[in-house]
Amino acid sequence: MKSTYLKITLTVMGVLFCLAGPGLLLPEAWLRGMVAWFAGADTVDALWPAGPAVDYMFRASLVAYLWIGVVLLLAAKDPERSKTQIELAICGMFLFAIVTFTSGILNDLPLWWFLGDSLFSLAGGVFLFLFKPVKS
(Lines give C-alpha, C1' and ligand atoms only; values in the text may rest on other atoms or scores of the structure.)
Protein backbone atom coordinates (compact mmCIF):
# COMPACT_ATOMS: atom_id res chain seq x y z
CA MET A 1 0.00 0.00 0.00
CA LYS A 2 2.86 2.35 0.90
CA SER A 3 4.35 1.72 -2.54
CA THR A 4 1.11 2.81 -4.22
CA TYR A 5 1.04 6.06 -2.25
CA LEU A 6 4.69 6.66 -3.15
CA LYS A 7 3.98 6.15 -6.86
CA ILE A 8 1.00 8.51 -6.69
CA THR A 9 3.03 11.14 -4.80
CA LEU A 10 5.95 10.91 -7.24
CA THR A 11 3.61 11.09 -10.24
CA VAL A 12 1.60 14.06 -8.96
CA MET A 13 4.72 15.97 -7.97
CA GLY A 14 6.42 15.10 -11.25
CA VAL A 15 3.48 16.33 -13.30
CA LEU A 16 3.22 19.54 -11.27
CA PHE A 17 6.92 20.25 -11.73
CA CYS A 18 6.63 19.53 -15.47
CA LEU A 19 3.91 22.19 -15.74
CA ALA A 20 6.74 24.71 -15.61
CA GLY A 21 7.79 23.61 -19.10
CA PRO A 22 5.34 25.70 -21.14
CA GLY A 23 6.58 28.82 -19.31
CA LEU A 24 9.80 28.48 -21.29
CA LEU A 25 7.90 29.48 -24.42
CA LEU A 26 6.26 32.62 -23.01
CA PRO A 27 7.63 35.98 -24.11
CA GLU A 28 9.09 38.18 -21.37
CA ALA A 29 6.36 40.79 -21.87
CA TRP A 30 3.71 38.21 -21.00
CA LEU A 31 5.60 37.18 -17.87
CA ARG A 32 5.90 40.79 -16.73
CA GLY A 33 2.21 41.21 -17.51
CA MET A 34 1.33 38.28 -15.24
CA VAL A 35 3.39 39.77 -12.41
CA ALA A 36 1.65 43.12 -12.94
CA TRP A 37 -1.73 41.41 -12.87
CA PHE A 38 -0.97 39.56 -9.61
CA ALA A 39 1.05 42.21 -7.80
CA GLY A 40 -0.22 45.43 -9.33
CA ALA A 41 1.30 47.54 -12.07
CA ASP A 42 3.06 49.82 -9.60
CA THR A 43 5.17 46.98 -8.13
CA VAL A 44 6.11 45.07 -11.28
CA ASP A 45 9.47 46.82 -11.70
CA ALA A 46 10.45 46.04 -8.11
CA LEU A 47 9.44 42.37 -8.37
CA TRP A 48 10.48 41.75 -11.98
CA PRO A 49 13.02 44.28 -13.26
CA ALA A 50 13.25 44.35 -17.04
CA GLY A 51 16.43 42.95 -18.48
CA PRO A 52 18.12 39.85 -19.76
CA ALA A 53 19.49 38.68 -16.39
CA VAL A 54 16.04 38.24 -14.83
CA ASP A 55 14.71 36.53 -17.93
CA TYR A 56 17.73 34.22 -17.98
CA MET A 57 17.35 33.29 -14.30
CA PHE A 58 13.62 32.70 -14.70
CA ARG A 59 14.08 30.39 -17.68
CA ALA A 60 16.98 28.56 -16.01
CA SER A 61 14.71 27.95 -13.01
CA LEU A 62 12.00 26.59 -15.28
CA VAL A 63 14.42 24.15 -16.86
CA ALA A 64 15.42 22.98 -13.37
CA TYR A 65 11.74 22.51 -12.42
CA LEU A 66 11.14 20.59 -15.64
CA TRP A 67 14.16 18.36 -15.04
CA ILE A 68 13.07 17.61 -11.46
CA GLY A 69 9.63 16.68 -12.78
CA VAL A 70 11.10 14.26 -15.30
CA VAL A 71 13.30 12.63 -12.63
CA LEU A 72 10.31 12.23 -10.29
CA LEU A 73 8.19 10.71 -13.06
CA LEU A 74 10.98 8.26 -13.89
CA ALA A 75 11.32 7.35 -10.21
CA ALA A 76 7.56 6.72 -10.05
CA LYS A 77 7.91 3.92 -12.60
CA ASP A 78 10.08 1.84 -10.26
CA PRO A 79 10.46 3.32 -6.77
CA GLU A 80 12.37 0.29 -5.46
CA ARG A 81 15.19 0.87 -7.94
CA SER A 82 15.06 4.66 -7.40
CA LYS A 83 15.68 4.75 -3.63
CA THR A 84 18.71 7.03 -3.91
CA GLN A 85 16.92 9.47 -6.22
CA ILE A 86 13.95 9.55 -3.87
CA GLU A 87 16.16 10.26 -0.86
CA LEU A 88 17.89 13.05 -2.78
CA ALA A 89 14.48 14.42 -3.78
CA ILE A 90 13.42 14.46 -0.11
CA CYS A 91 16.54 16.41 0.88
CA GLY A 92 16.07 18.74 -2.09
CA MET A 93 12.41 19.41 -1.25
CA PHE A 94 13.20 20.30 2.36
CA LEU A 95 16.13 22.49 1.33
CA PHE A 96 14.04 24.22 -1.34
CA ALA A 97 11.26 24.90 1.18
CA ILE A 98 13.73 26.43 3.64
CA VAL A 99 15.51 28.55 1.01
CA THR A 100 12.35 29.88 -0.66
CA PHE A 101 10.66 30.71 2.64
CA THR A 102 13.74 32.35 4.13
CA SER A 103 14.60 34.37 1.03
CA GLY A 104 10.97 35.44 0.64
CA ILE A 105 10.84 36.71 4.21
CA LEU A 106 14.28 38.34 4.12
CA ASN A 107 13.52 40.10 0.83
CA ASP A 108 10.13 41.28 2.09
CA LEU A 109 8.25 39.67 -0.80
CA PRO A 110 4.48 39.35 -0.68
CA LEU A 111 3.43 35.95 0.74
CA TRP A 112 1.74 34.86 -2.49
CA TRP A 113 5.10 35.20 -4.27
CA PHE A 114 6.87 32.43 -2.34
CA LEU A 115 4.53 30.65 0.06
CA GLY A 116 3.12 28.29 -2.59
CA ASP A 117 6.60 27.06 -3.52
CA SER A 118 7.60 26.70 0.12
CA LEU A 119 4.50 24.79 1.21
CA PHE A 120 4.42 22.59 -1.91
CA SER A 121 8.06 21.62 -1.38
CA LEU A 122 7.58 21.01 2.34
CA ALA A 123 4.48 18.86 1.75
CA GLY A 124 6.19 16.98 -1.07
CA GLY A 125 9.22 16.27 1.12
CA VAL A 126 7.01 15.06 3.98
CA PHE A 127 4.95 12.76 1.73
CA LEU A 128 8.05 11.33 0.05
CA PHE A 129 9.64 10.78 3.45
CA LEU A 130 6.54 9.00 4.80
CA PHE A 131 6.18 6.74 1.75
CA LYS A 132 9.84 6.21 0.80
CA PRO A 133 10.99 2.65 0.26
CA VAL A 134 12.95 1.09 3.10
CA LYS A 135 16.56 0.27 2.22
CA SER A 136 17.25 -3.43 2.31
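The values are calculated or read from the model by the stated rules, or taken from the named source; none is laboratory data. Being a predicted model, the structure only gives us computed values, none of them experimental. So basically every Cβ, Gly included, is an ideal-geometry build from the backbone, and we count neighbours across all protein chains shown.
Taking the options Gly33, Gly116, Gly124, Gly92, name whichever one is small (Gly, Ala, Ser), at pLDDT below 90, in a helix (DSSP H, G or I) and within 19 Å of the chain's Cα centre (by Cα).
Checking each option against the conditions leaves just Gly116.
Which residues, taken from the range 36-57, are surrounded by fewer than 12 Cβ atoms within 10 Å (Cβ to Cβ) and outside any loop (DSSP other than H, G, I, E, B)?
Within the range 36-57, Trp37, Ala41, Asp42, Ala46, Pro52, Ala53, Tyr56, Met57 meet the criteria.
So how many residues does the range 1-44 have that are without any contact (Cβ under 8 Å) to a residue 60 or more places away in the chain and of a type in the set (D, E, K, R)?
Within the range 1-44, residues that are without any contact (Cβ under 8 Å) to a residue 60 or more places away in the chain and of a type in the set (D, E, K, R) number 3.
Every residue in the range 77-112 that is of a type outside the set (Asp, Glu) and either touching a Gly at 6+ places or on another chain (Cβ under 6 Å) or within 18 Å of Ile8 (Cβ to Cβ) (or both), please.
Matches in the range 77-112: Lys77, Pro79, Arg81, Ser82, Lys83, Gln85, Ile86, Ala89, Ile90, Met93, Phe94.
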